[in-house]
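Bear in mind these aren't lab numbers, they're just calculated from the coordinates by the rules spelled out. These figures come from a predicted structure and were not determined experimentally. Heads up, the Cβs are rebuilt from the backbone with ideal geometry, glycines too, and the neighbour counts pull from every protein chain shown.
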Amino acid sequence: SKVPAVPPPPPQAAAAFQAGPGPFCMLPPCRLVCVHANGVKLASLSSREIASAGRQQLVVGRSMQPPALWDALVPDKATQNCVSREHFMIAARSVVMPGKGDRTAFFLRCLSPNGLVLNSQFL
């Protein structure tokens, strides 16, 4: 199944992320859930999610989550090596939106030389 397209961030959000090492806000309690893995029946897995509780950013990669998660989601070891030790990061910043006040904007940054595919687009 295809993940719904995400609209581009407003210019204020992009500017906040590019602003550099300004403060990130705490990620709200949320879960990052795997919705597709080639050849894996996700419904049969006991764990296919990563929690964000109490973090300013969430880094996903082979060295960042338990090996059992990657063994379940990517059973082929050769393919598993395509996932970097630190593959991508999700962070949140508070952004002032004209007429809307403070909002939380989420940012995805690829940390891997292998790249990242989001909504069928290679980043």
In terms of the Cα gyration tensor, with a ≥ b ≥ c the square roots of its eigenvalues, is the stretch 79-123 rounded because a/c is under 1.5, prolate because a/b exceeds b/c, or oblate?
prolate
Between the modelled labels at Asn114 and Cys34 (7 Å from Cα along Cα→Cβ) the distance in nm is 1.2 nm
